[in-house]
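A short reminder: the numbers here are calculations on the coordinates, not readings from a lab. Just so it is clear, the model here is predicted, and its values are computed rather than measured. Positions of Cβ are backbone-derived with ideal geometry, glycine not excepted, and every protein chain shown enters the neighbour counts.
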Amino acid sequence: MKKYYEIKDTRVRISYMAKTIGYFVTWTTYGAWLQGDKRGYVKKGEVLGENKSLYNINKITQTSESIRLGKKERKIISQAISKRAKELDQAVLSIAVCSNHVHILLGYNGKPIEDCIRQYKTASYYTLRENGFNGKLWTRGYDVRYCFDEKELQSRIEYVSRHGEEK
């Protein structure tokens, strides 16, 4: 591992840069998993617990119905993401499109992950629209966990595969 040192405000911060070999990414359908939810939620990479007042505020300010995907929509989304991944030259190592969220394990392709995810969410949205869907589909943002070794990558693949079987 390479060490990079950055001096900022007279404090020294150490960050370790390792080679990314994959990404474990999760995003949710609109309104299905609000911040503050009793199941917990992720914000800026941190897993947070239930926050009833935050949940209630989010529920009140929700502008559309919550989205739950049926079997047909899940299949369309999976195919749209896989097609776009081929175009981006990015391997989809495992994918689980569930009724209220997506888990996907992607191989590293050198492109910024935020650009790839934006394209996957957009491609799946427009493909669903072509099949009669109307309205909001995804929440803003996503959660990404970086995979730095084969053992971690394999563990995530197994998780996504098990998760997909539960849908």
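Quick notes
- Taking amide H positions as modeled 1.01 Å from N, with prolines and chain starts lacking one, the residues under 5 Å from Val42 and 5 or more places away or on another chain are Leu48.
- The stretch 42-120: trypsin sites (Lys or Arg not before Pro) in DSSP coil with no more than 15 other Cβ atoms inside 10 Å: Lys44, Arg68
- Volume per residue for the stretch 28-127 equals 113 cubic angstrom (convex hull of Cα atoms).
- The stretch 81-138: projected area of the alpha-carbon convex hull, averaged over directions, in nm²: 4.0
- Sorted by Cβ density within 10 Å, fewest first, the residues Ile76, Ile157, Ile60, Ile104: Ile60, Ile157, Ile76, Ile104
- Lys38-Ser155 pseudo-label distance in nm [points 7 Å out on the Cα-to-Cβ vector]: 3.0
- With the convex hull drawn over the C-alpha atoms of the chain, the volume per residue is 143 Å³.
- Here, the stretch 100-167 yields an orientationally averaged convex hull projection of 5.6 nm² when only Cα atoms define the hull.
- Acute angle (nearest 10 degrees) that the helix 71-87 long axis makes with the longest principal axis of the chain, alpha-carbon atoms: 40
- Label sites at Ser53 and Glu87, each approximated as a point 7 angstrom past Cα along Cα to Cβ, lie 4.5 nm apart.
- Exposure proxy for Asp89, Asp143: other Cβ atoms within 10 Å of each Cβ, ordered fewest to most, give Asp89, Asp143.
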